[in-house]
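Down below is the structure, laid out as structure tokens.
The values are calculated or read from the model by the stated rules, or taken from the named source; none is laboratory data. Remember, predicted model here, so these are calculated numbers, not experimental data. Here the Cβ is made from the backbone with ideal geometry for all residues, glycine too, and neighbour counts use every protein chain on show. For accessibility, only protein heavy atoms count, side chains too; no ligands or nucleic acids. Shrake-Rupley method; radii C 1.70, N 1.55, O 1.52, S 1.80 Å.
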Amino acid sequence: MTMRDIDDLPKNAANYTALTPLWFLERAATMHPDRKSVVHGSVSYTWRQTYQRCRRLASALSKLNIGVGSTVAVIAPNIPAMYEAHFGVPMSGAVLNTVNIRLNAPTIAFLLGHSSSAVVIVDQEFFPLAEEALKIMAEKSGSKFKHPLMIVVADESCDPKSLKYALGKGAIEYEKFLETGDPSFSWEPPQDEWQSIALGYTSGTTASPKGVVLSHRGAYLMALSDALVWGMNEGAIYLWTLPMFHCNGWCYPWTLAALCGTNICLRQVSAKAVYSAIANDGVTHFSAAPVVLNTIVNAPKEETILPLPRIVHVTTAGAAPPPSVLFAMSERGFRVTHTYGLSETYGPSTVCAWKPEWNSLPQIDQARLNARQGVRFIGLEGLDVVDPKTMKPVPADGNTLGEIVLRGNLVMKGYLKNPKANEESFANGWFHSGDLAVKHPDSYIEIKDRSKDIIISGGENISSLEVENVLYTHPAIFEVSVVARPDERWGESPCAFVTLKPDVDKSDEGRLADDIMKFCRSKMPAYWVPKSVVFGPLPKTATGKIQKHVLRARAKEMGTAKMSKL
């Protein structure tokens, strides 16, 4: 049966335009042409200048027939050119592929080849990395290899020799390239909002990275959801601690244009640089993974500037933050909003929305509640925790484990050139996250583990995350990750890999291990207590996530834990 509306009024040019975040930049340049848009050291631009520069970039690319169907890769830290690429590249019709600067050359070679990037814009410091990646591509492709156009971005904070080297290799300097473009270029918005705006790759810790394709529509809705969910005000001053290459900076490049705010670029993140920017640049907001928050709260006194001159708002995601870290941030005057998401959901797409009744609770209880992953973003239509076999929602009892599934406008278009992965991830009309969680009586969700990280000991499930949260409250522990180790009696038992704080005496690791296990016995069920404690730095991905698969392999190499008395 065909459903009929009350009318037959059609879409037309006056009442319908494809959604795209690119219009935010035009509005910012019109509304606040002389307000600072981007600040990077001694360099700063206004919104008028940024709009002109982005149009120059789009125009210069268009002159080279780079447009719809083309991909432009950017290999750079948080610098103005990276921000400009979020507008200039899609204004040409092309798709932006932001590449993680911490990846190695073979991985970057895979990304550039898989994405068919026709242009590579690269920061001068990372030109040798890009060059090595292209060499690998050339060797693999042989005569079929088509060298992309290389554009190098100069930065006054870098050694001028690296710029000279890149130019000597035939790269075009970014500012010279912009000069070939028209600052009044009449860019065309997408005809269809389903058109791709960006391509990003998953961290690929266990297999080849998957290319996540995002649409103009999704980017528009996420950019506005970011501001609404966080309560960001017009004119916010945002510090770029979060890499723009990571999930397109969680869509905040477009959000900041919508709010006519100011972007403070941070080439290298350190606690000292964060505190300095707050004190000297008027920073009101920043985003960071829990590992960065941990660095901020454990910074030596000489690197901090406290008390803060104002409340500073922080969003955190990327891993579940330990309540102890959230508590420490709150004590220092930071107001942390906990979010959760994936590359496949435009970055964070759930939020632990604060409730007024929590204000009267002790701070430690507030931190515990705020450590949950919460409820869906405004722009996301579906979020649930389900039994992965039956797809039935789990009861909201805070105990029954299920998989987090999501659907709606904040879910990716799909994986590039990977139909099998798309079929699996979109099974039964939901995006499957692979994260295990519970649903609390107030409908807030809380991650307990990745499905592959659950430890099964004597038939009982142990959440490595919950064990880690307790360990993070130990005064000597800076970072920790818990994985399964083969166990003679229980099949598996927890094994803790620990990085100690710098000021801790590390001369007697046996005593420290005993102390940590004794601490755990007073705080958790006996079968949760790690039977093994290993000290040292933790392996991490290029995005700063702890590589649990590497630690699982190490635990396996340690052999079977002998008969436990527990």
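The HN-Hα couplings worked out from phi for segment 528-533 by the Karplus form 6.51 cos²θ - 1.76 cosθ + 1.60 (θ = phi - 60°) are 7, 4, x, 8, 9, 10 Hz, whole numbers, x standing for Gly and Pro. A 1.4 Å probe run over the protein chains yields, for the chain, 44 Å² of accessible area per residue, whole-number rounding.
Scanning residues 5 or more positions from Ser117 or on other chains, none has an amide H under 5 Å from its amide H, with H placed 1.01 Å from N in the peptide plane.
Amide hydrogen proximity for Gly398: with H placed 1.01 Å from N in the peptide plane, the residues at 5 or more positions away or on another chain lying under 5 Å are Lys439, His440. Converting phi to 3J(HN,Hα) with the Karplus coefficients 6.51, -1.76 and 1.60 and the offset θ = phi - 60°, segment 4-11 yields 10, 6, 6, 9, 10, 6, x, 5 Hz in sequence order, with x at every glycine or proline.
The heavy atoms of Phe127 offer some 10 square angstrom of accessible surface to a 1.4 angstrom probe.
Considering only the chain, what is the antiparallel percent among its DSSP beta bridges, to the nearest 5? Around 55 percent antiparallel, to the nearest 5.
Place a point 7 Å from Cα of Ser44 in the direction of its Cβ. Which residues in segment 249-280 have their backbone N less than 17 Å from it? The answer is 260-267, 276-280, whose backbone nitrogens lie closer than 17 Å to the label point. Between Asn359, His114, Val283, the Cα set farthest toward the positive side of the dipole of the chain (charges on each charged residue's Cβ, about the Cα centre) is that of His114.
Pro106 sits among other residues whose Cβ lies under 15 Å from its own Cβ, and their net charge, with Lys and Arg +1 and Asp and Glu -1, is 0. For Gly374, nonlocal amide neighbours, meaning residues 5 or more places apart or on other chains whose placed amide H falls under 5 Å from its own, are Ile445.
Charged neighbours of Ser324, selected by a Cβ distance under 11 Å, balance to -1 (K, R count +1; D, E count -1). Considering only beta bridges that DSSP places wholly inside segment 23-215, some 30 percent are antiparallel.
When all protein chains stay in place and ligands, DNA and RNA are ignored, the 1.4 Å accessible-area order of Phe426, Phe145, largest first, is Phe426, Phe145. Note on segment 454-558: dipole from Cβ charges, positive end direction compared against Ala484, Phe519, Ala496; the farthest Cα belongs to Ala484. Distance between the 7 Å Cα→Cβ label points at Ser157 and Thr390: 5.4 nm. Between the residues Gly261, Trp194, Phe334, the greatest Cα displacement towards the positive end of the dipole of the chain, with unit charges on the Cβ of Lys, Arg, Asp and Glu, is found for Trp194. Of all beta bridges that DSSP places with both ends in segment 269-450, some 70 percent have antiparallel geometry. The Cα center of segment 397-436 and the Cα center of segment 491-566 differ in position by 31 Å.
Straight-line reach from Lys448: taking Cα to Cα under 19 Å and skipping same-chain neighbours fewer than 8 places apart, the aspartates and glutamates in range are Asp365, Asp384, Asp387, Asp397, Glu403, Asp435, Glu460, Glu466, Glu468, Glu479, Glu492.
For the chain, what is the calculated [θ] at 222 nm in deg cm²/dmol (nearest 500), taking -39500 (n - 2.57) for each run of four or more DSSP H residues and dividing by its residue count?
For the chain, the value works out to -9500 deg cm²/dmol.
Within the accessible surface of the chain, defined with a 1.4 Å probe on protein heavy atoms only, the carbon and sulfur portion equals 53 percent. May I ask which of Lys413/Lys452; Lys210/Lys420; Lys63/Lys164 have a Cα-Cα span longer than 20 Å here? As for pairs spanning more than 20 Å Cα to Cα, those are Lys413/Lys452; Lys63/Lys164. Rounded to the nearest Hz, the phi-derived 3J(HN,Hα) couplings of segment 408-423 under the Karplus curve 6.51 cos²θ - 1.76 cosθ + 1.60 (θ = phi - 60°) are x, 6, 9, 9, 3, 5, x, 8, 5, 6, 8, x, 5, 5, 5, 4, where x marks glycine and proline.
What is the dipole size for the chain, taken about its Cα centre, with +1 at each Lys and Arg Cβ and -1 at each Asp and Glu Cβ, in debye to the nearest 20? Don't skip to the answer; put the middle values down first.
Details: 58 positive and 56 negative charges, 161 e Å.
For this selection, approximately 780 debye.
For the pair Thr560 and Asp34, label points projected 7 Å from Cα toward Cβ lie 7.8 nm apart.
Could you please report the charge total around Trp194, scoring K, R as +1 and D, E as -1 over all other residues with beta-carbon less than 11 angstrom from its beta-carbon? Walk me through the numbers before you get to the answer.
Numbers: positive: Arg217, Lys413; negative: Asp192, Glu193.
Here the count lands on 0.
With an 8 Å Cα cut-off and a minimum separation of 6 or more residues, compute the relative contact order for the chain in percent. Let's see the in-between values first.
Details: 1150 pairs, mean separation 59.4, N = 566.
It comes to 11 percent, rounded to a whole number.
Computed from the C-beta positions of Leu361 and Thr180 and an R0 of 60 Å, the FRET efficiency is 0.50 to the nearest 0.05.
Here each label is just a point 7 Å from Cα along the line to Cβ, and for Ala138 and Thr473 those points are 5.8 nm apart.
Please compare each pair in Lys439/Lys556; Lys135/Lys548; Lys135/Lys545; Lys144/Lys169 to a cut-off of 24 Å on the Cα-Cα distance and tell me which ones are over it. Don't skip to the end; give the middle numbers.
On the way: Lys439/Lys556 33 Å; Lys135/Lys548 31 Å; Lys135/Lys545 28 Å; Lys144/Lys169 21 Å.
The pairs that break the limit, which is 24 Å between Cα atoms, are Lys439/Lys556; Lys135/Lys548; Lys135/Lys545.
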